[in-house]
1. Identify the GluC sites (Glu not before Pro) of segment 172-233 meeting these criteria: DSSP loop state and at most 13 other C-beta atoms within 10 Å of the C-beta.
2. Using modelled amide H (1.01 Å from N, peptide plane; none on Pro or chain starts), what sits under 5 Å from the amide H of residue 114, excluding residues fewer than 5 places away?
3. In whole Hz, with x marking every Gly and Pro, tabulate ³J(HN,Hα) for segment 95-109 from phi via Karplus 6.51 cos²θ - 1.76 cosθ + 1.60, θ = phi - 60°.
4. Quick one: check the C-alpha center-to-center distance for segment 164-243 versus segment 106-141, whole angstrom.
5. Would you mind ranking 71, 84 so that the residue whose beta carbon has the fewest other beta carbons within 10 Å leads the list?
6. Please list, in chain and number order, the residues 5+ apart from residue 198 or on another chain whose amide H is under 5 Å from its amide H, with Hs placed from the backbone.
7. Could you list 149, 75 in order of exposure, starting from the residue whose Cβ has the fewest other Cβ atoms within 10 Å?
8. Note down the net charge around residue 120, summing +1 for each Lys or Arg and -1 for each Asp or Glu among other residues with Cβ under 15 Å from its Cβ.
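Read the figures in this text as sums done on the coordinates, not as results from a lab. Since the structure is predicted, the reported quantities are computational estimates derived from the model, not experimental observations. Neighbour counts run over all protein chains shown; Cβ positions are idealised from the backbone, glycine included.
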Amino acid sequence: MKTLQLKSSLIILCLVCISFLHLPISFGKMASWHPMFPKIENKVVSNALLLYDQLHLDSLGLSPVAFEKAVSGFTLLIQDGKIVNDGILSIIDFSKPSNKKRLFVIDLYAGALLFNTYVAHGQQSGAAYAEQFSNRLSSYKSSLGFYQTKNTYIGKHGYSLQLDGLEKGINDNAAARAIVIHGAAYVSEGIIKMQGYLGRSWGCPALPEKYTRPIIEKIKNGTCLFIYADDATYFQKSAIVGI
């Protein structure tokens, strides 16, 4: 527990230092791209948001709202002791079509973007865009919200990563639905060239096969994953980022 508290303190200290170095430029940008920014009182959130500018996440296509909600929810989960490994934050931005690289894996200690690649959504969530979401078994839809990564295993899709849905009624059936991170041949630029968008899963956030193992190795064992979409129903139900 002391080690976890020390790590959390270090990340807060690093982000505070970054804020002092870059605040005059970045604060104005953040205040303009997110109207709620002036109301944010959590210093961890406001300082972490500086990484959005530093890592050029806007030019890579990550929604600023997705990033802000990911960081604010991540901070609350750390405070509640629901995230074991607070060094990595992964964001899937389903406001983008599947022919765009919508997975972002960020090392918060180093202030670095580790991976930015494609990720599939569920068959019944939509074609190019994920537009419908469900927590029900056999829905073949993706589920939004916050997850904690768990253990790895070898399954029918090869090396895979278990996920624990942290939002009741939104994604807490992830284990029962066997919603995991795995690689798939239908997640490739070749498929995009053929049909304009990726193939789809049964609800799992499936990755390009060549990146599956290195990504899983980096995010396994208790890191935070946030799956975002501009979905009013999710925002109404979520106790973490609800509006």
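1. Numbers: sites: 189, 209, 217; in loops: none.
In loop regions of segment 172-233 (DSSP not H, G, I, E or B), there are no sparsely surrounded GluC sites (Glu not before Pro).
2. The list, which skips near neighbours in sequence, is 105, 106, 107.
3. 6, 9, x, 6, 7, 10, 7, 10, 9, 10, 10, 10, 8, 6, 5
4. Taking the Cα centre of segment 106-141 as reference, the centre of segment 164-243 is 3 Å away.
5. Values: 71 27, 84 14.
Ranked by crowding around the Cβ, least crowded first: 84, 71.
6. 98, 99
7. Working: 149 25, 75 21.
The most exposed by this proxy come first: 75, 149.
8. Details: positive: 96, 100, 101, 102, 141, 200, 210; negative: 93, 131, 189, 209.
Spelling it out: positives minus negatives among the neighbours equals +3.
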